[in-house]
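Presented below is the structure to which this report refers.
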Amino acid sequence: MELRRHLGELLLDPALHGYTPILGLPSLREDYAAHLSSFYGATIAPGEVGITSGCNQAFCLALMSIAKAGDQVIVPRPHYFNHDMWLRMQGVEPVPLDFRPGSGAVPTAEDAARLIGPKTRAIVLISPNNPTGAVYPRATIHAFFELARKHKLALLLDETYKDFLAQGERPHELFSDPAWRGTLVHLYSFSKVFSLTGYRVGAAICGEGLATEIAKAMDCVSICAPRLGQEAALYGLASLADWREEKRLLMRERLSALRQAMRRNDTGYELVSAGAYFAYLRHPFRGTSARDVARRLAEDENMLCLPGSMFGDGQEAYLRFAFANVAAETMPEIARRLARSARHRQA
């Protein structure tokens, strides 16, 4: 409500309805650089910040600036479907990196190393992950960074959900490495953290050389991110830190409740991973497509989830649940309905 009031007052200002510089309002780039510098304990310059129309666009523009048709990019599987689609639309081959059983859906740099070839240009990571919710350990993120640096690849690290980490701590120290600018491309979404999904405002953090290339693509695609969304992000950074922390604690409570509810041993479903907004479950119906399981849960148990098959090959045994809008006290009911669905199928 506070943010909506602020934006309502701004709408009367004629300047709000014009273009901004291609890579965003200078004040927003400065404030976001300062926010990241404080959070990561490192120095990030405003010139290394590019404001985009959502994190999806940040990924698309960065990818266009790094790879061309015929190149390859390593993408952990299950993948975020928009990443996979955009790569294919650009003629770039997504090379799937699967997680090992029992890993909590966290891939390894060792497995990624075996996938690197002469056409590889980048590695993509999302943590906390979409679709699995998996939070990658610090050592894992650093291992991927070292792998990318060794092979002169870009590491596209999407941290859209970093503000919902259960522990509230910085997830890595990559920005403290002076060499980060030649390897790391950090992606972020203001739309998620401030509940502004329709405003479309995100960011890409990278070395100024790559930022210049991203600006060229941005100028051709949308000229700049919408001014209203940028103003909302600017206000959020300055005034909504307490609200953001309350939201993080709420997500932590819901995550804890989900994990506790799934400890009952009669659901038949395995909680593979969970974090931020999402949980990835293995369903018990071998030989049945994930789409059919998801449909039955919707029809019989009034539960909505996405079939794992939406997130790449080999995912028929999995379902993605979005628990962010489910109250903690409702989580036991989720487990009860899953258990009931398993019993009905066996009957």
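For residues in segment 133-142 being among the aliphatic types (A, V, I, L, M) and outside any loop (DSSP other than H, G, I, E, B), which is surrounded by the most Cβ atoms within 10 Å (Cβ to Cβ)? Of everything passing the filter in segment 133-142, I141 is surrounded by the most Cβ atoms within 10 Å (Cβ to Cβ). Given the structure, is L174 touching a residue at least 12 places away in the same chain (Cβ under 8 Å), touching a strand residue (DSSP E or B) at 6+ places or on another chain (Cβ under 6 Å), more than 24 Å from N82 (Cα to Cα) and not aromatic (F, W, Y)? Taking the combined requirement at face value, the residue satisfies it.
This table checks each residue for (1) crowded, with 17+ Cβ neighbours inside 10 Å; (2) of a type in the set (K, R); (3) in contact with a Pro (Cβ under 7 Å, 6 or more places away or on another chain).
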residue	(1), (2), (3)
R259	no, yes, no
A279	yes, no, no
G287	no, no, no
D292	no, no, no
C305	yes, no, no
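Whether any residue in segment 258-273 is of a type outside the set (V, I, T), within 18 Å of A339 (Cα to Cα), out of contact with any Ser or Thr (no Cβ under 7 Å at 6 or more places or on another chain) and part of a strand (DSSP E or B) is what I want to check. For segment 258-273, residues of a type outside the set (V, I, T), within 18 Å of A339 (Cα to Cα), out of contact with any Ser or Thr (no Cβ under 7 Å at 6 or more places or on another chain) and part of a strand (DSSP E or B): present.
D71 meets the conditions (1) at pLDDT 95 or above; (2) within 21 Å of L228 (Cα to Cα) in every case but one. The failed one is (2). May I ask you to verify whether A294 is part of a helix (DSSP H, G or I), more than 27 Å from L87 (Cβ to Cβ) and small (G, A, S)? No, not satisfied.
Cβ separations smaller than 7 Å between residues 6+ apart or across chains give the following pairs from segment 268-290 residues that are in contact (Cβ under 8 Å) with a residue 60 or more places away in the chain to residues that are among the basic types (K, R): Y269/R282; V272/R282; A274/R259; F278/R320; Y280/R320; F285/R345. Selection of segment 117-129 for residues being farther than 14 Å from G312 by Cβ and either open to solvent by less than 40 Å² (accessible area, probe 1.4 Å) or of a type in the set (D, E, K, R) (or both) yields G117, K119, T120, R121, A122, I123, L125, S127, P128.
The values are calculated or read from the model by the stated rules, or taken from the named source; none is laboratory data. Because the structure is a prediction, the values reported are computed rather than measured. When we count neighbours, we look across all protein chains shown, and the Cβ atoms used for this are built from the backbone with ideal geometry, even at glycine. Only protein heavy atoms, including side chains, enter the accessible area calculation; ligands, DNA and RNA are left aside. Shrake-Rupley method; radii C 1.70, N 1.55, O 1.52, S 1.80 Å.
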